[in-house]
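I have placed the structure first, in the form of structure tokens, so that the comments after it can refer back to it.
The values are calculated or read from the model by the stated rules, or taken from the named source; none is laboratory data. Keep in mind that this is a model prediction, so the values were computed, not measured. Heads up, the Cβs are rebuilt from the backbone with ideal geometry, glycines too, and the neighbour counts pull from every protein chain shown. Quick note on the areas: whole protein, heavy atoms, side chains included, nothing else; ligands and nucleic acids left out. Shrake-Rupley method; radii C 1.70, N 1.55, O 1.52, S 1.80 Å.
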Amino acid sequence: MAMKKTVRDVDLAGQRVLVRVDFNVPLDDGRVTDDSRIQAAIPTIEYLRKRGCRVILMSHLGRPKGTPSDALRLDPAARRLGELLGADVQKIDELSGPAAEAAVEAMLPGTVLVLENSRFDPREEKNDPALAEELARLGDLYVNDAFSAAHRAHATTAGIAERIPAVAGLLMEKELLGLARVLAEPARPLVVVLGGAKVSDKIMVIDRFLDFADTLLIGGAMSFAFMRAMGKEVGASKVEEEGVSVAAGALEKAGRVPCRLVLPSDLVVADRFAEDASTQVVGVDEVPAGWMGLDIGPRTREVFSVEIAGAGTVFWNGPMGVFEMGPFASGTKAVAEAMAASSGVTVVGGGDSVAAVNLFGLAEQMDHVSLGGGASLEYMEGAELPGVAILADRGEA
Ligand code: ADP
Ligand code: MG
């Protein structure tokens, strides 16, 4: 994997720097309820401020589909950023055009300006060259620090980079280096733990890791598609019907490649999808009619933990059960704890798996926790992300 140039590799003196961040944060009543994405962008912003750059931030928020809406303005995010930086952060209601140009013109070195939600402009998601051109006029240098939006070729993630020099921010670099520990000559054995809801979301990842990993551990609702493909009765468990043929294909492939595919041997089943349901532990061949598997069982927890303990590298995506409900969180917790205790390289990706790791207070124990969501998954599939591809390579002029 070619390494990308970063803010550390370019001359920043006197520059107006346009930074694409991911401030797509949850809001409640005009307040940011989880500021982790804003916090993650701070190292790059501070790096640029310290060097006297004028820092101009772009982000999307929600899905306004090309029309402005007051509920999706970036003001709460800009306010929170100001609190975290302990500095004034200016916010304007435009993304580009004369008003934005005037605001940039008036900036002092070391200050921060937040432009309006990029998706208010219908040209953003079309990667319209006219918008990219307007944006490029606002800066001398483009920095992409939004790995989580890099799987989209939009004006703020790709188009603009064709017009002014483009480098990676520090968060982007951290994500690329973190995921490279799994993808580029990982310490062996490489154990990949996959779970979550749908097989069809993750078919490409399964396929790639069957070629590349040493062991694939599969839990979560996803495992029921595999069990169904093997002809097992899974009761009222959540089975994604389209996923069954995908699972059958993966099982067939697993028979031909060196990678071992390990499925759960036991389950925690419940009589209803509820926190206070009646539960029991059963073997995968003994799911009672009408009952549903909501977590991997204790024997599977043990097997998965031993595999993880022996790994040189572990990549995990997707919870082992309905971890949002206490009685069904043990499998997910066991995986997180085994990774935390592992001496190998540990990388977690995926919105819900990352939420689980945070819930258990184990994020600090991991080598890399990817905030990339869908982008990390696409990256793991081996896809070239447009927002990464457009960044200058090291060694390039
Ligand atoms: P990630 O965001 O980490 O990629 P997914 O979005 O694929 O993970 O899946 C997460 C969801 O899968 C969680 O909400 C979890 O409750 C659900 N899930 C996991 N196991 C089961 C199960 N056995 N039955 C129903 N839902 C499950
Ligand atoms: Mg999810």
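Of Glu302, Glu252, Glu240, which is the most mobile in a GNM of the chain whose springs link Cα atoms less than 10 angstrom apart?
Glu252
Using only Cα atoms and rounding to the nearest 10 degrees, what angle (0 to 90) does helix 75-85 make with the longest principal axis of the chain?
Taking the Cα atoms of the chain, the angle to 75-85 is about 90 degrees.
Report, in debye and to the nearest 20, how large the dipole of the chain comes out about its Cα centre when Lys and Arg carry +1 and Asp and Glu carry -1 on their Cβ.
Numbers: 40 positive and 57 negative charges, 123 e Å.
Using only the charged Cβ atoms, the result is roughly 600 debye.
I want the antiparallel fraction of DSSP beta bridges within the chain, as a percent rounded to 5.
Beta bridges within the chain, antiparallel portion: roughly 25 percent.
Taking amide H positions as placed in the peptide plane 1.01 Å from N, state which residues far from Gly169 in sequence (5 or more) or on other chains have amide H under 5 Å from it.
The answer is Asn144, Asp145.
Helix 36-50: angle to the longest alpha-carbon principal axis of the chain, degrees 0 to 90, nearest 10?
30
Counting only pairs 8 or more places apart or on different chains, how many lysine pairs in the chain have C-alpha atoms closer than 26 Å?
Value for the chain: 23.
What's the carbon and sulfur percent of the chain's accessible surface, probe 1.4 angstrom, rounded to a whole number?
C and S fraction of accessible area: 49 percent.
Please list the non-local residues whose amide H lies under 5 Å from the amide H of Val19, H modeled 1.01 Å from N, same-chain partners needing a gap of 5 or more.
Answer set, sorted by chain and number: Ile56, Leu57, Met58, Val143.
What length, rounded to one decimal in nm, is gained on full extension from Met3 through to Thr67, with 0.36 nm per residue of separation minus their alpha-carbon distance?
19.3 nm
Kindly give the semi-axes, whole Å and largest first, of the ellipsoid equivalent to region 53-211, taking each as the square root of 5 times a Cα gyration tensor eigenvalue.
33, 18, 16
Which value, in Å², gives the accessible area per residue of the chain when a 1.4 Å probe is used on the protein heavy atoms?
41
Taking θ = phi - 60°, what integer Hz values does the Karplus form 6.51 cos²θ - 1.76 cosθ + 1.60 yield along region 68-74, in sequence order, with x for Gly and Pro?
Rounded to whole hertz, the list is x, 9, 4, 5, 10, 5, 8.
Using alpha carbons only, how many degrees (0 to 90, rounded to 10) separate the axis of helix 199-212 from the longest principal axis of the chain?
Rounded to the nearest ten degrees, it is 80.
Output needed: percent of Cα pairs per 10 Å distance bin for the chain, bins running from 0 to the one holding the longest distance.
Over the chain, the share of Cα pairs per 10 Å bin runs 5, 22, 28, 22, 16, 7, 1, 0 percent.
Specify the inter-centroid distance of region 92-141 and region 202-244, based on alpha-carbon positions, in whole Å.
45
Of Thr67, Thr346, which has the most accessible area with a 1.4 Å probe, and how do the rest follow in descending order?
Thr67, Thr346
According to a simple spin-label model (label point 7 Å from Cα along Cα-to-Cβ), what is the distance in nm between Glu381 and Arg394?
2.8
For Val345, list long-range residues whose amide hydrogen, built 1.01 Å from N in the peptide plane, is under 5 Å from its own amide hydrogen.
Amide H to amide H, under 5 Å and 5 or more residues apart or across chains, Val345 pairs with Thr313, Val314.
When the label point is put 7 Å from the Cα of Asp140 along its Cα-to-beta-carbon vector, which residues of region 42-78 have a backbone N closer than 19 Å?
45-58
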